[in-house]
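Shown next, in structure tokens, is the structure this report addresses.
The values are calculated or read from the model by the stated rules, or taken from the named source; none is laboratory data. Everything numeric here is computed off the predicted structure, so don't read it as measured data. When we count neighbours, we look across all protein chains shown, and the Cβ atoms used for this are built from the backbone with ideal geometry, even at glycine.
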Amino acid sequence: MTHSVARLGMNLLLCSVAIPAIGAQSEQTSQSSAVPPPPAATHAPFVDVQHAASNVFQQADPDAVNGGSAPDEQGEQGQNRLKFVTGEQMNELAQRFKERLTDPAQRVALRAEQRAALVSQNTSVGRLVGLDPVMEQKLIELLTDEQMERLDQMYVQRLISTDLQKIADEMTQRMTALRDLLGDEKLERFQDFESKQSGRHWVTRLSAGLAPADKLQPDQEDRLTALKQEQFRMSALGPWRAFRHPIGPLLSFEDMQRDSQRQTLLANEESWRRRQVEHRALEQEAATFLTSTQLAALTRYQALEQDNLRRYVEFARAEAGMDPQIPDTPEEVEEIPQPIEAQLQVEVRLTVNRELTTVTRTVRSGESFTFRAAQGLIVEATLILYEDDWIDVHLNYSEEGTTGQRRLPGSMISTAQARQPDGAPGVVDGGGTVVSGRKGYAIESTVIAQVL
């Protein structure tokens, strides 16, 4: 079982395109549901192939695919109003995009919509990356060209690849094009800008509801974005640990379904409770640089989000045949396994762009070690053994940048039983990931760990 702190997409690419029909929601929403919503329109900095979602969320506006978004009954522009899209609906959506892409007049209109979405999502790119107006427009044009090419691949050519190396090669081509336009230093700034898109999009939605005199200033936007992005990051590290099964006989398919549903409900309810604490913490920190009017708007905005999440959880409980009302305290209190002290013999097998690196270490549980893998990728590995006999493997990636070593987005967290039923060492299969830095890195990891 692997959990990547990544924004996931339908078959890797569908959710990474700037289509008005698919809402560019933040990672904040993804932590409130079992299936994550799509990322912002810009190309996702990394993807997790093994866990790409097969379904997507779509804004409730049925005319969104033709451009525009009508306010809902509360006057909000599609504020977290999502519906699940599967089967025939997805086929119809795909057919409509194919028609728009192959008809010259409609293609021009579609490209204009893509460009407008990218302009909206990159409103502060010039200031934060250091681009003059001419260079900023060239960047938007390049990003729009990329979007149209991806749409062609998906809906006209039907080329949706799950080949790690092919995706990494395409990322390398993208980085080369961006580097040719921006140069090395500004490319790194742009990548940092992209990595904070979720937090920035959340702040933009908040600011959109403020009166002109109360709009967030650039420094306020930057500080609030940093706070929210860190909150997203920390929130992403929590609920996945619930999906462990104790060592013993394999569960039947029906039992696994029931257990998965139960764990999903528990995780969503816990997310709702945790979000109340997170909201208060954000408001306390934001109070140091927001005006009283802006802070009041933040409080209202978070209350609306919390109410939307509550309704989602209540709907999920009703679907499971439970009382929709969320209890004040968890109906089932699950004991959280605690880390334990142990000496571990570890072998890490990391394949980067088809080049294998094998590293063996003896480490203490919770201790980190760093090594250089193929293609210049720098890897920091941390293994944590828990009292329930499960082991977590955290892999963080870095590369040498223009100003020294820089951390790349796309950390992997994998988990497995520390010992097999026959007593053999635990094998943690991290699956496949593509990480974007100066180029694309197709990464596959396997960790063999034995308690000494």
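Key figures
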{"read-out": "Residue list for the stretch 104-115, restricted to those being within 24 Å of the chain's Cα centre (by Cα) and over 18 Å from Phe190 (Cα atoms)", "value": "Glu113, Gln114"}
{"read-out": "Checklist (1) surrounded by fewer than 15 Cβ atoms within 10 Å (Cβ to Cβ); (2) in contact (Cβ under 8 Å) with a residue 24 or more places away in the chain applied to Arg364, failing item", "value": "(2)"}
{"read-out": "Matching entry among Thr225, Thr293 (being part of a helix (DSSP H, G or I), touching an Asp or Glu at 6+ places or on another chain (Cβ under 8 Å) and either at pLDDT 95 or above or buried (at least 20 other Cβ atoms within 10 Å of the Cβ) (or both))", "value": "Thr293"}
{"read-out": "Test: residue in the stretch 432-448 that is modelled with pLDDT of 90 or more, among the hydrophobic types (A, V, I, L, M, F, W, C) and farther than 30 Å from Glu185 by Cβ", "value": "yes"}
{"read-out": "Selection status of Ser445, of a type outside the set (A, V, I, L, M, F, W, C) and touching a Gly at 6+ places or on another chain (Cβ under 7 Å)", "value": "yes"}
{"read-out": "Where Arg317 falls short, out of the listed (1) under 30 Å from Ala208 (Cβ atoms); (2) in contact (Cβ under 8 Å) with a residue 24 or more places away in the chain; (3) touching a Pro at 6+ places or on another chain (Cβ under 6 Å)", "value": "(1)"}
{"read-out": "Single residue of Leu131, Leu93, Leu139, Leu118 found to be crowded, with 16+ Cβ neighbours inside 10 Å, closer than 30 Å to Lys196 by Cα and more than 24 Å from the chain's Cα centre (by Cα)", "value": "Leu131"}
{"read-out": "Single condition Ala267 does not satisfy, out of (1) at pLDDT below 80; (2) exposed (fewer than 14 other Cβ atoms within 10 Å of the Cβ); (3) of a type in the set (A, V, I, L, M)", "value": "(2)"}
{"read-out": "Matching helices (runs of 4 or more DSSP H) fully within the stretch 92-195 where at least 2 residues are out of contact with any helix residue (DSSP H, G or I) (no Cβ under 7 Å at 6 or more places or on another chain) and either outside the structural domain of Arg223 (by TED's automatic domain parsing) or of a type in the set (A, V, I, L, M) (or both)", "value": "104-121, 133-151, 164-182, 184-195"}
{"read-out": "Count - residues of the stretch 353-395 that are of a type in the set (S, T, N, Q), at pLDDT below 95 and part of a loop (DSSP other than H, G, I, E, B)", "value": "1"}
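Matching residues to (1) crowded, with 21+ Cβ neighbours inside 10 Å; (2) in contact with a helix residue (DSSP H, G or I) (Cβ under 6 Å, 6 or more places away or on another chain); (3) not small (Gly, Ala, Ser):
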{"position": "Thr382", "(1), (2), (3)": "no, no, yes"}
{"position": "Tyr386", "(1), (2), (3)": "no, no, yes"}
{"position": "Ile391", "(1), (2), (3)": "yes, no, yes"}
{"position": "Tyr397", "(1), (2), (3)": "yes, no, yes"}
{"position": "Gly404", "(1), (2), (3)": "no, no, no"}
{"position": "Arg407", "(1), (2), (3)": "no, no, yes"}
{"position": "Met412", "(1), (2), (3)": "yes, no, yes"}
{"position": "Arg419", "(1), (2), (3)": "no, no, yes"}
